[in-house]
Structure formats: C-alpha cells, structure tokens
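Structure first, commentary second.
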C-alpha cells in the first residue's frame, strides 16, 4: 500500500507500531472496515494531589457523550490512579512529555489545575479552544467565566463560605458540561480486590459477627492537622461499634502506622499494616463503610462506591458530593479556622464532634 493511504486520523493508529485491527484481523488501511476517524482531540491537564485527580475523573464519561469519536489525553503527576480503559493516553508530567506536547495540537485543552506550572503549560499548548485556567500578566486567569468564578471562590473566604456548589459541579461548569451524576473512575485490579477481601476477613475483629465491616481512616495528611479527630475518640468509637457487633479495621498510611498500632492494641480493632496504593484501593472496596476525615480515603471510598461517614470542620461542606453514599458530620460548635492549618482555639473544634454523632451517622448510613 502507499504511504498516502495511511489513516493517521484513525483512533486505532499507534504512531510507529501496528494497530489492534492489524494485529487481530490482518487488515491494512487500504482494506479496513475498522476505520474510526478522530473528530476531537482533547487534552486534560490535572496534575495535582491524588485525591484531586480522582475527583476530577467524572468528566471523562461526560466528555465522551458530548464529543463522540474523541481522543482523550490526560497529563498528571498521578498516572497510576487513572482508569486506563476510559482514557486513550495517560501522560506522566516530565520534561520529555512537555516537549512532545509542545509540538502537538489539540481541538480542546482543559486545564483544571491552578498551579502556575500547569497554567503556563496550558498557554503554550496549541489548541482551537481552551477551558479552565491559564496564565497572563504574571497571574492566573480563567479561559471562561466558570473558571474565573472558581478562581474568585478560591481567593476570598467570604465568597468561598457562601458557595453552594460542590466541586464536581464546578468543574463540569468549567468544562461546559452538564453534570448528570457521573461517577468517579479509577484503576482497580480485580485480582487484588479478591486478595484483599481475604485480608479484610482475616484482619477484621469479631470474626463471629455477621455485621458489616467498618473501616476507620484515622489520618488526614501532614498539612491539615486541624482536621484530626482525637485518638481517645477513635478508641471510644471502636468500643461502641464492638458492643453493637460491628467488625472494625483501621486504615491509614505510613504516617498513621504507629498510631493505628496503639489504637489496635488498646481496643482490639483489626490492624495489620499500611498498604500500597493499589492494595489500599482494594481494601476500601472490601469494607462496607468508611469513617474518615477529609482525606484521600474519602475520594477512594467514593470511587469504589463504598458508603462513607465524612468528618468535616475547616471546609465548606457544600464542596463535597458524596454521590448518595453517605453523610457529613461536623462539630456542633462550628469551626473558626476556615481552611486553616493551625487551630485558633485553645481546644480544637474536633473535640466538639462527638462519638455519639458519628455512631448515629454510621447507623443511618450502613
């Protein structure tokens, strides 16, 4: 066949190696009935923290509905979390990838990351249309009104507190999409899920109980210590759950390991160790409910459709869309340090979020 007959715009084209129709059926571009021309090339830039990447994933299915025959590329710091079957190309942020992107063109670039590096990069990419955030005159800009509004919300506490839209709805507005309860999508291993099911049953306390397994995620990262619930409250919660026959396991990362060991020792809650990210995802999908402060575990629970009781104090609760999977509990006295990393009270407001509130929420949700 002739070089001119190659269908470079086909969704099956893989640059310098045979496409799947060629490998599976032996066809070539001049005699192929699998030709599927790409109509819209889309680049998503969402570098950010892992949790922020996860809660951005609902836009994928909505983009597929709006832009049929599209090719979607996603640039991120967290490639392993993304669901590969739903995204055509996943790129890890690196010098090599930035060089190649600079030489490509897209029909649509969507930058949902406010970091300066992402905004400047978005400016440099060739595209017919851009949505989200860019950079101009040494500051962040919004390519469209919805992005400008999101910037304003992030800059002024009073406006942020008055906001009634959750994050997912806001990013759908930025992407000029209509949110219709699209779900998160993440990379999951079926084999690992089955393996961790056995792990949960072995680790969970009260092995003779048939009640649900409750996962308690005791940490919330290094930055937001103001979100931490007291250890003594976790211990009291576990004892009450045990009394009611619930099986309990402790969740967390390396930062929570020592704390979780001590809590397990004092209460008999199930705990073995901390796990890799793929294992942790599988673990979250094998418990019936997760109690957590605002954390990565919150996003992962929602992604694997596990019920949740979310403890919140320093954020606007309207920001969180729990996908009809749970409810939010907050300190009865409110919180005085909005988005604060240090508590301005003598005693943290998290002491005013009672164990009874959490127990009652668990009973309603589970």
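Laid out as a table, the results:
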{"read-out": "Estimated FRET transfer efficiency when R0 is 41 angstrom, pair residue 178-residue 24 (beta carbons, to 0.05)", "value": "0.65"}
{"read-out": "Inter-part distance where region 114-157 and region 1-57 are each reduced to a Cα centre, Å", "value": "28"}
{"read-out": "Added length on full extension, which subtracts the Cα-Cα distance from 0.36 nm per residue, residue 69 to residue 162", "value": "29.6 nm"}
{"read-out": "Computed E for residue 137/residue 33 - FRET, C-beta separation, R0 41 angstrom, nearest 0.05", "value": "0.20"}
{"read-out": "Rounded to 5, the percent of DSSP beta bridges in the chain classed as antiparallel", "value": "15"}
{"read-out": "Cα→Cβ-extended label distance, 7 Å offset, between residue 5 and residue 240, nm", "value": "7.4"}
{"read-out": "Estimated distance in nm for a label pair at residue 145 and residue 327, the labels positioned 7 Å out from Cα along Cα-to-Cβ", "value": "3.7"}
{"read-out": "Residue 352 paired with residue 17, simple spin-label distance in nm, labels 7 Å along Cα-to-beta-carbon", "value": "5.8"}
{"read-out": "Expected 222 nm ellipticity per residue - DSSP helices of 4 or more, -39500 (n - 2.57), all of the chain, to 500", "value": "-9500 deg cm²/dmol"}
{"read-out": "Region 181-241: C-alpha gyration tensor shape, a/c 1.5 cut-off, then a/b vs b/c", "value": "oblate"}
{"read-out": "Scattering curve values for the chain, log₁₀ I(q)/I(0), Debye with Cα scatterers, q = 0.07, 0.08, 0.15 Å⁻¹", "value": "-0.37, -0.48, -1.30"}
{"read-out": "D_trans [Stokes-Einstein, Kirkwood Rh over alpha-carbon pairs] for region 40-174, 10 °C, 1.306 mPa s, µm² s⁻¹", "value": "105"}
{"read-out": "Relative compactness, region 101-166, computed as alpha-carbon Rg over 2.2 N^0.38 Å", "value": "1.20"}
{"read-out": "Rg(Cα) / (2.2 N^0.38 Å) computed for region 218-294, rounded to two decimals", "value": "1.06"}
{"read-out": "Protection proxy ranking, peptides 216-229, 285-298, average beta carbon neighbours within 10 Å, highest first", "value": "285-298, 216-229"}
{"read-out": "Cut-off 13 Å (backbone N to label point 7 Å along Cα→Cβ of residue 129), residues of region 36-52", "value": "40-43"}
{"read-out": "Footprinting exposure proxy for 327, 2 (fewest neighbouring C-beta atoms within 10 Å first)", "value": "2, 327"}
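Bear in mind that the values in this text are calculations on the coordinates, not laboratory data. Here the structure is a predicted model, which means the values were calculated and not measured. FYI the Cβ positions are ideal-geometry reconstructions off the backbone, even for glycines, and counts take in every protein chain you see.
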